[in-house]
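> One structure coming up, written as structure tokens, with questions to follow.
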Amino acid sequence: MIKVAIVGASGYAGGELVRLLSAHQDVCLTHLYVSANSADAGANIADIYGTVRGLCSLCLEPLSLETASGLTSEDCDVIFLATDHKVSHDLAPMLLENGIVVIDLSGAFRITDLDLFAKYYGFEFGKKQRELMAERVYGLVDWVKKEDLQRAMLISMPGCYPTASELALKPLMANGLLDTSMPPVINAVSGVSGAGRKAKLTNSFCEVSLNAYGLFTHRHLIEIEEYVGCKVIFNPHLGDFKRGILATITARLKDDVSDEALAAAYEKAYPQYQSAVNKDKAANGVLPHENLSMVRVRQGTVKLHDVQNLPYCDISYVRDGNYIVISSAIDNLLKGAASQAIEAMNLHFGLPRARSLI
């Protein structure tokens, strides 16, 4: 059994991690942590999230830097950091030094240009953290080698907007199909859960109206540009719904791109998930569909309803001459956070990638 701890377990992404990992046949949850000054410290996780009642009854333990420095691989094999960026930045080195695999859901270790990181995230990297960047793996699981995930001790998970955007654009960039003289324009709408669980006037449900925010300044802009590999225009929006992201991306194709080349790019990137899978266990106990991509390329128009509370990214596209509009839909708390992090954990430990997720 894989011993797992979660820091930030009372947050929205942390709660989804608890729910999914509590039902994981190869996992034993050992500790759930919150910050030392959290109002949730001492509470039973099932009293905060009724979805885990009967699955997990652990209490939320307050975690200080001193407590974290005392954790070892005897306490947990892997720890998920569903925390603020600065908290993850500070915790990761000591956890790694103690032999614990770290899967970080924050933005602390995503950006390789550390000057650009400081500009967008508001703090400088420490010496130990700079050294870690040489070893960390960016966990966009559909685009990282399984061998790299298996060797990595620090896995930095993509943000929610970047996950939806990068999964849509990378097949085209990887196959040289985009005319990048026109930057792709990403219009993406997120539910209010993307702002986190702590109440603020700006994300109070009664105050939320559909609006754009963070134009040209959102920190996910630099992440998308780094991992797509070209300049983009990123227009994030806040929607008056709880969860999910719909990204609509307008781009220009090169002159000689055929419909067949487009289809082949997506088919190669994302082996198609079969809706009518064989549920019988194979000889090694692995269900046939557990190793398939969690990205579904579809005809027609993707809908948020089709991915909310599910671990998939649904992608569709239409073209008009050299122009293409790609739609990409995810649940921001699952494929954009918790479930993709569990895919990374599964692959790190040599398990089927979709174990516990479908």
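> Measure up 86/254; 86/303; 3/303; 170/303 against 32 Å on the Cα-Cα distance and list the ones that go over. Don't skip to the answer; put the middle values down first.
On the way: 86/254 41 Å; 86/303 34 Å; 3/303 36 Å; 170/303 21 Å.
Violating the 32 Å limit, Cα to Cα: 86/254; 86/303; 3/303.
> Placing one identical point scatterer on every Cα of segment 43-120 and ignoring solvent, what is log10 I(q)/I(0) from the Debye formula at q = 0.11, 0.14, 0.17, 0.23 Å⁻¹?
So the normalised log intensities are -0.38, -0.58, -0.79, -1.10.
> Sticking with this structure for a sec: Calculate how many DSSP beta bridges within the chain are antiparallel, expressed in % of all such bridges and rounded to the nearest 5. Before the final figure, lay out the partial values.
Numbers: 26 of 58 bridges.
Antiparallel bridges: around 45 percent, rounded to the nearest 5.
> Can you give the Rg to Rh ratio for segment 160-330, taking only C-alpha atoms and Rh from Kirkwood?
1.01
> Which order do the peptides 141-152, 338-349, 217-228 take when ranked by the mean count of other beta-carbon atoms within 10 Å per residue, highest first?
On the way: 141-152: 15.7, 338-349: 25.4, 217-228: 20.3.
Packing order, densest peptide first, comes out as 338-349, 217-228, 141-152.
> If you don't mind, another one. Work out from phi, with θ = phi - 60° and the Karplus expression 6.51 cos²θ - 1.76 cosθ + 1.60, the ³J(HN,Hα) of each residue of segment 239-252, listed in order in whole Hz, and give x for Gly and Pro.
So the J values, rounded to whole Hz, are x, 8, 9, 6, 9, x, 9, 10, 10, 10, 10, 9, 9, 10.
> Report the calculated FRET efficiency for residue 1 and residue 61 (r = Cβ-Cβ distance, R0 = 25 Å), to the nearest 0.05. Working shown, then result.
Values: r = 20 Å, r/R0 = 0.80.
In this case the efficiency is close to 0.80.
> Additional query: Starting from the Cα-Cα distance between residue 319 and residue 198, subtract it from 0.36 nm times their residue separation and give me the gain in nm to one decimal. Please list the in-between numbers first.
On the way: separation 121, 0.36 × 121 = 43.56 nm, distance 4.10 nm.
Roughly 39.5 nm would be gained on extension.
> If the reach is capped at under 12 angstrom between alpha carbons, list the aspartates and glutamates near residue 127, excluding any in the same chain fewer than eight residues apart.
Filter leaves 90.
> Given a Förster radius of 41 Å and the C-beta distance between residue 115 and residue 264 as r, what FRET efficiency does 1/(1 + (r/R0)^6) yield to the nearest 0.05? Please list the in-between numbers first.
Values: r = 38 Å, r/R0 = 0.94.
Plugging the Cβ-Cβ distance into 1/(1 + (r/R0)^6) gives 0.60.
> Could you check the simple spin-label distance between residue 187 and residue 291, using points 7 Å along Cα→Cβ, in nm with one decimal?
The two pseudo-label positions are separated by 4.2 nm.
FYI, it's all coordinate maths here, none of it is from the lab. Note that the structure is predicted; figures quoted are calculated from it, not measured. Don't worry about glycine lacking a Cβ; one is built from the backbone with ideal geometry, like all the others, and counts go over all protein chains shown.
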